[in-house]
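The values are calculated or read from the model by the stated rules, or taken from the named source; none is laboratory data. Being a predicted model, the structure only gives us computed values, none of them experimental. Ideal geometry is used to build each Cβ from the backbone, glycine not excepted, and the neighbour counts take in all protein chains shown. Accessible surface areas use protein heavy atoms only, side chains included; no ligands, DNA or RNA. Shrake-Rupley method; radii C 1.70, N 1.55, O 1.52, S 1.80 Å.
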Amino acid sequence: VTPAQEADIAPILRQRLFQRIDAGAASAVADAYFDMLRQAQQRSTPLPASAVQASYRERIERSYPFHPALIEVLDGKLATVPNFQRTRGALRLLVRVIRRLWKVGGADGLLIHPFSLDLSDPDLVDELTGRLDRTAFRSAVTYDIARADGQSHAELIDRERFAGQPPYTQHVATTLFLHSLPEPPARGADLDELVAATLTPGADPAHIQKALEYLLDEAWHLDFEGRRYFFRTEASLNKIVLDETQATPLHDAR
């Protein structure tokens, strides 16, 4: 017996987590996102073919207030992790996400995206790593994505490169982190998938691509293989080079 089909997950989450959903708002938001995606396609923005088909607008409305990309990563990718309970795990995780958005605000966009998960919250990080036996990924969160003092690589890039704009780099990093938790071949996200999951009405898709480039240059755990980007548990060459540079006395360098 299959207790819930793929199309059932979003309605189950909505029914369990919200008292009421505004159908008019769902329709308006779906129109706004779909118009944005069509405009981005006209600007040659890399997007999955499915994201600009008419059926995708219906998916947005059906999954509201969640972005379809969030449902996909929870039900498709994280569901492949042995310790992740498909529906209960998603409910437990989203309870924390929605509570934090409700209390502290700061939601970007008109939907709850993968990047809406605030990884500066240690309880949320523990839910994603400790409960899923992925504790080795905590260093990637601390150094590259989000931390209480705001000194992660993504946060520093956003302050230096995107001041006064949405935190593009942190959006990219948080989204990629969720895609990094499954085992291969489900691990990682390609550029098309990443842009579709992070683009919001009013955002510049070119900035999303630049944020990814900056993060690749600065992050200690982000890697690229084939067409997919993902975080590793071990440090990348960026970290190794920095450690060696700091360990080399100035007179030796001269």
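In table form, for the structure just shown:
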quantity: Checking A136 against (1) in contact with a Leu (Cβ under 7 Å, 6 or more places away or on another chain); (2) of a type in the set (A, V, I, L, M, F, W, C); (3) open to solvent by 10 Å² or more (accessible area, probe 1.4 Å), the condition it does not meet; calculated: (1)
quantity: Residue within the range 3-12 that is open to solvent by less than 40 Å² (accessible area, probe 1.4 Å) and in contact with a Pro (Cβ under 9 Å, 6 or more places away or on another chain) present; calculated: yes
quantity: Search result, residues across the range 129-156 that are in a loop (DSSP other than H, G, I, E, B) and either in contact (Cβ under 8 Å) with a residue 60 or more places away in the chain or not small (G, A, S) (or both); calculated: R131, L132, D133, R134, R147, D149, Q151
quantity: Per-region count, the range 220-254, residues under 24 Å from P46 (Cβ atoms), touching a Ser or Thr at 6+ places or on another chain (Cβ under 7 Å) and in a loop (DSSP other than H, G, I, E, B); calculated: 1
quantity: Residue ID - nearest to D144 (Cα to Cα), chosen from residues in the range 166-186 that are modelled with pLDDT of 95 or more and open to solvent by 20 Å² or more (accessible area, probe 1.4 Å); calculated: Q170
quantity: Residue among K77, K103 that alone is within 28 Å of E155 (Cα to Cα), more than 14 Å from the chain's Cα centre (by Cα) and open to solvent by 10 Å² or more (accessible area, probe 1.4 Å); calculated: K103
quantity: Filtered residue count, the range 106-128, keeping only those that are assigned to a helix (DSSP H, G or I), crowded, with 18+ Cβ neighbours inside 10 Å and out of contact with any Pro (no Cβ under 9 Å at 6 or more places or on another chain); calculated: 6
